[in-house]
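I have placed the structure first, in the form of structure tokens, so that the comments after it can refer back to it.
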Amino acid sequence: MFIVTHKQRLNMTFADREEYIKLREEVRKFNLRELAPVSSECDEKEVFPFDVLKKASELGYVGPHLPERYGGMGDYYAKAVVYEENCRVSFGYNLSLNASDLLFANNISKHGTEEQKQRYLPPVIKGEKIGCWALTEPDAGSDALSIRTTWRKDGNHYIINGRKTFITNAPIADFFIVIARKPGSIKTDGGCAFILERGMQGLYTGKPFKKLGGRCSPTGEIILDDVKVTRDQLLGEEGNGFKDMFSSLDVERAYTPLSSIGIAQACIDAVVAYSKQRRQFGRYISEFQLIQEKLAVMSAELEVARNYVYNLIELMVHGKRITKEASIAKLFASDMVNKATREAIQIMGGYGYMREYNVERYFRDAKLLEIGAGTSEIQKLIIAKELLK
Amino acid sequence: MDERITEETRGFIEIIKRFVNNDCIPAEDKIEDTGKIPDELLNKMKELGLFGLRIPRDYGGSGMNLLDYCYVLKELSKTHDAIRAIMSVNNGIGSMGLVNYGTEEQKKRYLPLLASGEYISAFALTEPGAGSDASSITTTATKINNGWLINGMKHFITNAPIANIFTVITLTDKEKRAKGGITAFLVERNAKGLSIGNIHKTMGGKGWLQAEVIFEDCFVPDNALLGQVGNGFKIAMTTLNEGRLSAAASAIGIGERLLSMGVEYAKLRKQFGKPIAEFEAIQWMLADSATELYAADRMLAHTAYSFDKGEDIRMQSSMTKLFATESAFKIADRILQLHGGMGFMKETKVERMFRDIRAYRIFEGTSEIQKLMIARELLKG
């Protein structure tokens, strides 16, 4: 199996720079050695590979985008390389890692006080603690601002009540960011983000949900029953919760489509190898035009998506507004990877449908990319809104 | 309902609808968790005569024509796919070789047992090296005194761990292969030298019990021969021809169930202050799904009816299988999407149906093989 696939590409993005080519090789080697051997089993048993996370953190693969003084490298491109390579082996592993070091930790890094950063960032970067970020509720999915989790003031304290669902890492998290609103407030007013810790009175997490894909990444509910915290646990300014959330959203949205790139690359790795060794009708199936057509389309769509997504990351790093571009990338890349996983199974036929071959897992994992972090339908609405305004 | 379906079968379909709603749907989660159909439910299936719908009346079955059978199967597919799988093998690939090519003695011996469900059957053609290219099988049968010795391995064989009788397709002449070198046998479960290997772990189809079947100097007597020596490829292919329509019927049944779940959820789920059914994007999903199902259903009825009239349906059965299974897969994807995050969770049954339906584009001939067969019919002559 080759290590680097796009070394020969002529156009230059960050991914073509010597340092990131080298990083990619290292991450790939690490993932093949540590993550690949356990990824099927973790999917089957629905458990997160904590050991791999710990080892990855020792090499700097957890939170590389976070500031150096808390243990990161302050390098958003390195995060992109690690993100994509992780998804090429285990999407579920990256899903949990990302909820911890990006959704949780990046929000702390961006909106937190110095005390909050010192308390929460180092243990996450060291892989000792797991974070999560909680917005979605049973009745607030695509319509995210309709959340009903509330906060109210009680002297110097805040009291939080409500219920969150489909929260990545909730069953295993040590730290939580929870978004709540002031009763009676509307739209983006009245929001607060709170940093909560496991063990706080009134905070409970439910059993992990059983899911189609992303199964080594535990997803669950958070129940908040009169959770009482001091001002130290407020992230950002009171009432600014939604505005802060939107301001850091671009970073998260820029990375999301890399999941599709990683999984689609894994599909190509698998089917190129398979079609060169599988014989039917007296020939290798790679010699049939029907198979070649599938490989060619998979590769064409992947490379187009890859270039667009790398470009998107550069725009994000340079602080450009990427509302429309991030939606285009997510829409296109998640559609691309769902086609790729479908075709990968199809090329492998009965074998593709069996658990012992990884494409079966890639197929189940890819479906989440059309749902999580804004469904494809919502991305289309965002693109149209940007076009029409 | 199609007016060409007999009065009697229409009444039976109403019974099946009630059976699916009252007995099967409540058992779905249990089947998914255990990979096994509860005995009580299996007994009810037997009482309803579901294992012998296609088997002639003279041998204890109902002797249904293909059209009627497809519409019973369609209703029965609106629940856990294991229920469809276990009965459809006895009605199709597990018995059709016997019905069409068996000797009177073989039919009398096995068909009543298959029709009652006392015997479960399996059809063993596929091998690790022989999928779409079925004529490249390597499992051999060698003639010896008063019988045959079978050697080789089959895999992806549905029902294998619980089957009492296997239709096994073997190679008897390496030179001739599909042109007279392939032979079918009826092999009983307790034949010496037959063993069950690994049970495959699959994405979906919990309860199909797909497994490897291993033959090591497996002895079968002369009267286990099905049809003539060298006639096995034809037996396998005609058996599969009919199987394409039953795959289409099941896919349409699953699609119809999904659509009704989608309609129900869209009316119930509110976002942005109104039921999502009021959004055009959701309406399009439902409209596309209903349109595809209508087209597939008409293709099925027409093709099955043509078959019953004795017409050659090779091209139409490929088209129907291709269109129905590809459409059902798209519908499963749309309905999962319509459910959003909830659709990704196991507690909505869409998640299971999405995994199950994926196999339909592979088994009974992949979509790609169907296209080749359609093209071959178009281009010949």
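Since every read-out is calculated from the coordinates, none of them should be taken as a lab result. Note that the coordinates shown come from a computational prediction; the quantities given were computed from them, not determined experimentally. Virtual Cβ from ideal backbone geometry, glycine too; neighbours counted across all protein chains shown.
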TODO: Identify all aspartates and glutamates with a Cα-Cα distance to B:K192 below 17 Å; exclude those on the same chain that are fewer than 8 residues away in sequence.
DONE: B:E212, B:E216, B:D217, B:D222
TODO: DSSP loop (so not H, G, I, E, B), at most 15 other Cβ within 10 Å: list which GluC sites (Glu not before Pro) in the range A:98-130 pass both filters.
DONE: A:E128
TODO: Figure the gain on full extension for B:D58 and B:D308 (residue separation times 0.36 nm, minus the Cα-Cα span) and round it to one decimal in nm.
DONE: 88.1 nm
Task: Cα-based reach from B:K174 at 21 Å (exclusive), listing lysines while leaving out same-chain residues under 8 positions away - done: B:K143, B:K154, B:K234
Task: C-alpha long axis of helix B:232-268 to longest principal axis of chain B, angle in ° - done: 20
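Evaluate peptide A:138-144: per residue, the Cβ atoms of other protein chains within 10 Å of its Cβ; return the mean as an integer. List each step's numbers first, then the result.
Details: counts 2, 3, 1, 7, 7, 5, 1.
Partner Cβ neighbours, averaged per residue: 4.
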- [ ] Taking only Cα atoms and a 10 Å spring cutoff, compute GNM fluctuations for chain A and point out the largest among A:H111, A:H65, A:H157.
- [x] A:H157
Task: Selection from B:A359, A:N31, A:L224 lying farthest towards where the dipole of the protein assembly as shown points positive, charges on Cβ - done: A:N31
- [ ] Quick one: of B:K30/B:K349; A:K45/A:K207; B:K267/B:K349; A:K187/A:K228; B:K78/B:K346, which pairs are farther than 23 Å apart, Cα to Cα?
- [x] A:K187/A:K228
Task: Other protein chain Cβ atoms within 10 Å, averaged over every residue that makes up B:338-351 - done: 5
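With +1 assigned to the C-beta of every Lys and Arg and -1 to the C-beta of every Asp and Glu, and no other charges, what is the dipole magnitude of the range A:84-139 about the Cα centre in debye, to the nearest 20?
Values: 6 positive and 8 negative charges, 42 e Å.
Roughly 200 debye, rounded to the nearest 20.
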Open item on the list: Using Cα-Cα distances under 8 Å and only pairs 6 or more residues apart, what relative contact order does the range B:7-116 have, in percent?
Closed with: 31
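Could you grab the relative contact order for chain A? Cα pairs under 8 Å, six or more apart, rounded to a whole percent. Write down the numbers at each step before the final one.
Working: 691 pairs, mean separation 59.0, N = 389.
Relative contact order, chain A: 15 percent.
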Open item on the list: Below 8 Å, C-alpha to C-alpha, sequence gap of six or more: please give me the relative contact order for chain B in percent.
Closed with: 15
Task: Cα centroid separation, the range B:198-224 to the range A:150-187 (Å) - done: 54
Open item on the list: If I build a Gaussian network model for chain B, linking alpha-carbon pairs within less than 10 angstrom, which residue out of B:G102, B:G262, B:G341 has the largest mean-square fluctuation?
Closed with: B:G341
Open item on the list: Projecting each Cα onto the charge dipole of the range A:14-129 (Lys/Arg +1, Asp/Glu -1 at the beta carbon, about the Cα centre), which of A:V52, A:S40, A:S100 comes out farthest on the positive side?
Closed with: A:S100
Task: Three-way shape label, the range B:121-230, alpha-carbon gyration tensor, a/c 1.5 - done: oblate
TODO: Starting at the first residue of the range A:39-55, write each ³J(HN,Hα) from the Karplus equation 6.51 cos²θ - 1.76 cosθ + 1.60 with θ = phi - 60°, in whole Hz, x for Gly and Pro.
DONE: 5, 5, 5, 5, 5, 4, 8, 6, 10, 8, x, 4, 4, 5, 4, 4, 5
Open item on the list: Using the Cα centre of the protein assembly as shown as origin and beta-carbon charges of +1 (Lys, Arg) and -1 (Asp, Glu), tell me which of B:G204, A:A384, B:P275 is placed farthest towards the positive end of the dipole.
Closed with: A:A384
Task: 3J(HN,Hα) from dihedral phi, the range B:360-374, Karplus parametrisation 6.51/-1.76/1.60, rounded to Hz, x for glycine, proline - done: 5, 7, 10, 6, 6, x, 4, 4, 5, 5, 4, 5, 4, 6, 5
Task: Straight-distance crosslink candidates among lysines, where the alpha carbon sits under 21 Å from A:K22 and sequence neighbours closer than 8 are dropped - done: A:K7, A:K55, A:K79
